[in-house]
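Note sheet for the following structure.
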Amino acid sequence: MKNKLPALHAKNVIGAKFQKADTVSIGSDDMTAQYDWQANKTLAECNRHMLINEIAFDVFFLVGESRQMVGAHRYVLVSRSCVFYAMLIGPMAGKVDEKIAIPDIENDIFQHMLEYIYSEDTKVDTTNAIQILYSARKYGITGLEEKCRRVLEHGLTTSNVCNILHEADKFDELTLKNKCMEYIWHQPKDILRSSSFGNLSATLVKEIIQSDKLDAKEEVVFDAALRWSEQECLRNGVIVSPQNQRRYLGGILYYIRIPALEASYYTKTVVKSDILTTEERKNLQNYFSGVNKDVKRFRTDKRSKGENQTLHWRFGPVNCMHNETTAIAFSSSREVFIDGVEIDGTGYDEEHYDVFLNVYDMDNQEKAKCKERLVINKKKQTYQIKFSSPPVVSKGFTYTVILKIQAEHRYYGASGRSNLNKTDSQPAYINPEGEFTRRVVKKDQVPAILVRPFVDS
């Protein structure tokens, strides 16, 4: 049987008219081909369609340890990456039909990178961002690099920061590593007690513990170091014993301010752990008993713990209001922790406040929340509502505080200011320029936002 070929689909091509054909018949079989998928699609959408449907691939890669074959288009790759340019048509180019091995990137991560190369978009979250960042750096996809960094920096939590720190250190992401360190130093309580802290390398544990910014009691620091040394013994396949724990702790122990511990904790916990040498026990015992203040290599100074919390006042005179929800959109000219808010009290002898506080980012993702029940009286003008895990507000991004107070009577501020500078916030202030800007309403029940600097300037 004579083969029927499809007609071209176009209204006019050099004056000729063509009929649209939706089917292609070859022999006795009918094959439906929706060949006009390009219609009404953007360039990025067409590129994505070509990639997903594996249309006209002309280069192939063997990806990951399993060497899974992945196809792509030379033209797209060389137009978007200087590395792919060198690999495919430059001095590094091999044979045209040669499959290129990429063993250090797994298939799902490679697919995310290809999707971004083809369409300027791909789904990145904190679970895959560090691996995608590695691949983007390797192949010079700068836009994807920045996307990954933003996701990781804005997505730090007490539960994931140690894992992100480990990966950032592994892939030499110095800026991201420093942000993780600052995050840990400023809210270490839950982090030091987490299982993920026990998975860090000795080098990272040392960097965390030796810092003067670490805002934690030395008892918490010692406990964390002791638990980490147990994990290190298990990782190395040795018996968990005081001798082995001390071997892995090494010089880390000297960065714990043991002389700053309570004497009772030292006796009941540190001495009983049996990780100190005989000479160290003698020197420390003399220190705690006041006989001799020379403790050799142990540090006796207390940590500075960074800068203190600062109040940033927004309102002056207050008036009475009933149950309402307040929302304030704001941005900061530097990175800060939002510890919580300060709210006005009541003019009555006693009232109960049920307080609901949330912070959302630009994508309406919840960054933090808390619920608290307060007993309010007229003896105190303001009360603080604090998050258990303060969120980080990044420079230049807009966030929203939503506050709801359920009570019979409350007060709100009037004539709120849209800018706060350093003269409004003594003794410390948000940044060297002193700006902490907000788009605010004219009346509000949040007279102050509690902030702490995230990275020292």
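The values are calculated or read from the model by the stated rules, or taken from the named source; none is laboratory data. Keep in mind that this is a model prediction, so the values were computed, not measured. Here Cβ is always computed from backbone atoms with ideal geometry, including for glycine, and neighbour counts include all displayed protein chains.
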Considering (1) in a strand (DSSP E or B); (2) closer than 23 Å to HIS186 by Cβ; (3) modelled with pLDDT under 75; (4) not hydrophobic (A, V, I, L, M, F, W, C), say which one LYS369 fails and leave the rest. (3)
Within the stretch 49-93, which residues are within 32 Å of the chain's Cα centre (by Cα) and more than 27 Å from GLN38 (Cα to Cα)? LEU62, VAL63, GLY64, GLU65, SER66, ARG67, GLN68, CYS82, VAL83
Taking interchain pairs and intrachain pairs at least six residues apart, which have beta carbon atoms under 6 angstrom, with the first residue in the stretch 121-133 and over 13 Å from VAL161 (Cα atoms) and modelled with pLDDT of 90 or more and the second aliphatic (A, V, I, L, M) and in a loop (DSSP other than H, G, I, E, B)? ILE132/VAL124
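Just give me the residues in the stretch 117-136 being part of a loop (DSSP other than H, G, I, E, B) and within 19 Å of the chain's Cα centre (by Cα), in sequence order. Walk me through how you get there before you give the answer.
Step one: filter the stretch 117-136 for residues part of a loop (DSSP other than H, G, I, E, B), giving 120-128.
THR122, LYS123, VAL124, ASP125, THR126, THR127, ASN128 - these are the residues of the stretch 117-136 that are part of a loop (DSSP other than H, G, I, E, B) and within 19 Å of the chain's Cα centre (by Cα).
Looking at the stretch 54-63, which of its residues are part of a loop (DSSP other than H, G, I, E, B) and under 18 Å from ILE109 (Cα atoms)? Outline the logic, then answer.
Looking only at the stretch 54-63, we keep the residues that are part of a loop (DSSP other than H, G, I, E, B), and these are 54-58.
Correct list: GLU54 only.
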Exactly one of LEU357, LEU311, LEU276, LEU284 is assigned to a strand (DSSP E or B) and at pLDDT 85 or above, and that one is LEU357
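Output yes when any residue across the stretch 404-425 is under 23 Å from ASN160 (Cβ atoms), modelled with pLDDT of 55 or more and exposed (fewer than 15 other Cβ atoms within 10 Å of the Cβ), and no when none is. It would help to see each step written out before you state the result.
The first filter runs over the stretch 404-425 and keeps only residues under 23 Å from ASN160 (Cβ atoms), leaving none.
No, because not a single residue in the stretch 404-425 is under 23 Å from ASN160 (Cβ atoms), modelled with pLDDT of 55 or more and exposed (fewer than 15 other Cβ atoms within 10 Å of the Cβ).
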Which residue pairs have Cβ atoms under 9 Å apart, sit 6 or more places apart or on different chains, and have a first residue in the stretch 257-286 that is more than 17 Å from ALA216 (Cα to Cα) and surrounded by 14 or more Cβ atoms within 10 Å (Cβ to Cβ) and a second that is among the acidic types (Asp, Glu) and modelled with pLDDT under 90? ASN283/ASP294; ASN286/ASP294
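Here are LYS189, LYS170, LYS179: which of them is buried (at least 22 other Cβ atoms within 10 Å of the Cβ), within 26 Å of the chain's Cα centre (by Cα), of a type in the set (Lys, Arg) and closer than 28 Å to VAL393 by Cβ?
So the residue among LYS189, LYS170, LYS179 that is buried (at least 22 other Cβ atoms within 10 Å of the Cβ), within 26 Å of the chain's Cα centre (by Cα), of a type in the set (Lys, Arg) and closer than 28 Å to VAL393 by Cβ is LYS179.
Identify, from the list LEU214, LEU156, LEU174, the residue that is under 28 Å from THR122 (Cα atoms) and either touching a Cys at 6+ places or on another chain (Cβ under 8 Å) or in the same structural domain as LEU234 (by TED's automatic domain parsing) (or both). Can you show your working first?
Values: LEU214 fails: under 28 Å from THR122 (Cα atoms); LEU174 fails: either touching a Cys at 6+ places or on another chain (Cβ under 8 Å) or in the same structural domain as LEU234 (by TED's automatic domain parsing) (or both).
From the options LEU214, LEU156, LEU174, the qualifying one is LEU156.
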Kindly indicate whether any position in the stretch 147-156 is more than 17 Å from VAL70 (Cα to Cα), exposed (fewer than 15 other Cβ atoms within 10 Å of the Cβ) and not small (Gly, Ala, Ser). yes
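Could we say that MET69 is loosely packed, with under 14 Cβ neighbours inside 10 Å and without any contact (Cβ under 8 Å) to a residue 12 or more places away in the chain here? Spell out how you get there, then give the answer.
Working: loosely packed, with under 14 Cβ neighbours inside 10 Å: yes; without any contact (Cβ under 8 Å) to a residue 12 or more places away in the chain: no.
So MET69 does not fit the description; no.
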Counting only residues in the stretch 39-66 that are under 17 Å from HIS112 (Cβ atoms) and in contact with a helix residue (DSSP H, G or I) (Cβ under 6 Å, 6 or more places away or on another chain), the one surrounded by the most Cβ atoms within 10 Å (Cβ to Cβ) is identified as VAL63
Please determine, by comparing only the residues of the stretch 94-116 that are assigned to a loop (DSSP other than H, G, I, E, B), surrounded by 14 or more Cβ atoms within 10 Å (Cβ to Cβ) and of a type outside the set (Asp, Glu), which one is modelled with the highest pLDDT. ILE105
